[in-house]
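Report on the following structure.
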Amino acid sequence: MKKITLKITINGRKHTLRIDPNLRLLDLLRDELRLTGTKEGCGIGECGACTVILDGRAVNACLILAGQCNGREVVTIEGLTGKDDLHPLQQAFIDHGAVQCGFCTPGMIMSAAALLDQNPTPTEEDIREAISGNLCRCTGYTQIVEAIQAVADDN
Amino acid sequence: MRLAKLQRVSYPETVAEAIQILSDKKRGAVALSGGVSFVFSPLQSVEELVSLSRLPLNYIKRKNGGLRIGATTPIADLVTSRAVKNYGDGILWETAHRIGSTLNRNLITVGGNLVQPFIWSDLSTVVLALRAGIKIQGKKSRDLSAEEFFTRLPRQFLKRGELVTEIVFPPFPKNYRAAYEKFTLTENDFALLKVAVVLARSGRVCRDVIIVVGGATILPQRVLSAEEILRKKIGSQILVNEASEVAAEEIKVSRDIRCSEEYKRDLCRALVRGILERILLDQKVPEWKLF
Ligand SMILES: Cc1cc2nc3c(=O)[nH]c(=O)nc-3n(C[C@H](O)[C@H](O)[C@H](O)COP(=O)(O)OP(=O)(O)OC[C@H]3O[C@@H](n4cnc5c(N)ncnc54)[C@H](O)[C@@H]3O)c2cc1C
Ligand code: FES
Ligand code: FES
């Protein structure tokens, strides 16, 4: 398969890459760039494990071709702070026991981060709506909502 | 492997440029809007994808009491738009709000959702009920009513190189009421059936009505016989029951592995009745009571 050129900014770093045209954004992140914080659960847009922020919006990286992201900006869980310290959402997830197996956690946090960027003081309903595409099989969601609410309250 | 023959992705900046690429038979190009449907249809023969993301078609405009919505507008923008919320008794907002999850809505576009309807697709039902118009641009431009647009699968009658560019929602007069309901097993699940009703009232008299059922077949269906029962009559529980009964009997139902035909007819009856009780008889019908 003939490769195409992709110019993309990921976690603030500009990349020019040669990729297979049918590569999904999720595969680019995990397999080519080794940003394995973004997970693959269902691969069909239903679980949210692959959530990243594309031009400010939380999206399913399994549903997008990398080629759709030419000239665009992606933030993954690895790029949330840009530093070694934890993002307030990551700390709040720990503090509220919102992580059990942890598979959904990166996606949950990316959805929450996109929400708080757009709406720093969301209601509980806003939070539940924002994470409505992120499935968690362990926690029952209560602690996750509390963790996000705690960060919002600090805002 | 999905899109196994894909060679190129192009990013035209104008509609004319996109049409030119899509019209070129040799390039084997297909439009890419949200791109979400490619997870369901692998498109093995496609050689080029033409991204519509840079076209100036991402907008929601108010016009003379109606709305004009560009084809590449993400569904999420409908949900955050005050103009959409205030239009048509909120029916378009309600529909958009219940499409997939927040993550999905950030990707799915209005045009993509209409051009490739699936049995669970939402917008088509409401676009038909609101008597919207569809603007199509190719070598020539043409405007179709939603009724014309949904007589066949749009991808069968759109000519090579033609793009849907805009959806035009007509003014929604003050005496009109509208509602949309869908039945899903969980909040985010693909709907088994949905119903949209738009009606004009003076007092309790139903002056005009459109009843559209989606999800019984891939394309939405108007139920003319049920409409006829209500048109120009004083709304009553007896008429509402009769109309919902007729709707349930008359709709065509295609095979769906998720539930039986009988179940879909029952859903149709319940949804049509519940909506009419709300918007024609002014009854407060909570969602749980619909079923
Ligand atoms: C998990 C999940 C849940 C979903 N839930 C729902 C739901 O509840 N309700 C619902 O309605 N939908 C739902 N969908 C979305 C639906 O199934 C389709 O995938 C979606 O509507 C496609 O829109 P798109 O913008 O991504 O279009 P694309 O996938 O980009 O395009 C679809 C088709 O239309 C063509 N096309 C696109 N735009 C144009 C245009 N402007 N002119 C001409 N041709 C064009 C493309 O070439 C392609 O063939 C869901 C999808 C997923 C993955
Ligand atoms: S892996 Fe993308 S939504 Fe499940
Ligand atoms: S913590 Fe295990 S799936 Fe959410």
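The values are calculated or read from the model by the stated rules, or taken from the named source; none is laboratory data. These numbers come from a predicted model, not from an experiment. Counting neighbours? That spans all protein chains shown, and the Cβs are built from the backbone with ideal geometry, glycine included. These area figures cover heavy atoms from the full protein model, side chains too; ligands, DNA and RNA do not enter into them. Shrake-Rupley method; radii C 1.70, N 1.55, O 1.52, S 1.80 Å.
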Check whether at least one residue in region A:40-54 is within 16 Å of ligand 1 (Cβ to nearest atom), surrounded by fewer than 23 Cβ atoms within 10 Å (Cβ to Cβ) and under 12 Å from the mean Cα position of the chain (by Cα), and report yes or no.
yes
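Table: residues versus (1) part of a loop (DSSP other than H, G, I, E, B); (2) at the interface with chain A (Cβ under 8 Å from one of its Cβ atoms).
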| residue | (1), (2) |
| --- | --- |
| B:Arg2 | yes, yes |
| B:Leu6 | yes, yes |
| B:Pro12 | yes, no |
| B:Gln20 | no, no |
| B:Ser37 | no, no |
| B:Pro42 | yes, no |
| B:Ser45 | yes, no |
Considering residues of region B:91-108 that are open to solvent by 10 Å² or more (accessible area, probe 1.4 Å) and more than 16 Å from ligand 2 (Cβ to nearest atom) only, the residue nearest to B:Arg62 (Cα to Cα):
B:Trp93
Does B:Phe150 fit the bill of being open to solvent by less than 40 Å² (accessible area, probe 1.4 Å), outside the structural domain of B:Ser23 (by TED's automatic domain parsing) and of a type in the set (Phe, Trp, Tyr)?
yes
Output the residues belonging to region B:94-126 that are more than 16 Å from ligand 3 (Cβ to nearest atom), farther than 17 Å from B:Ala191 by Cα and in contact with a helix residue (DSSP H, G or I) (Cβ under 9 Å, 6 or more places away or on another chain).
B:Asn106, B:Leu107, B:Thr109, B:Val110, B:Gly112, B:Val115
For region B:53-68, check the following and say yes or no: at least one residue is open to solvent by 20 Å² or more (accessible area, probe 1.4 Å), closer than 21 Å to A:Arg57 by Cβ, within 14 Å of chain A (Cβ to nearest Cβ) and in contact (Cβ under 8 Å) with a residue 60 or more places away in the chain.
no
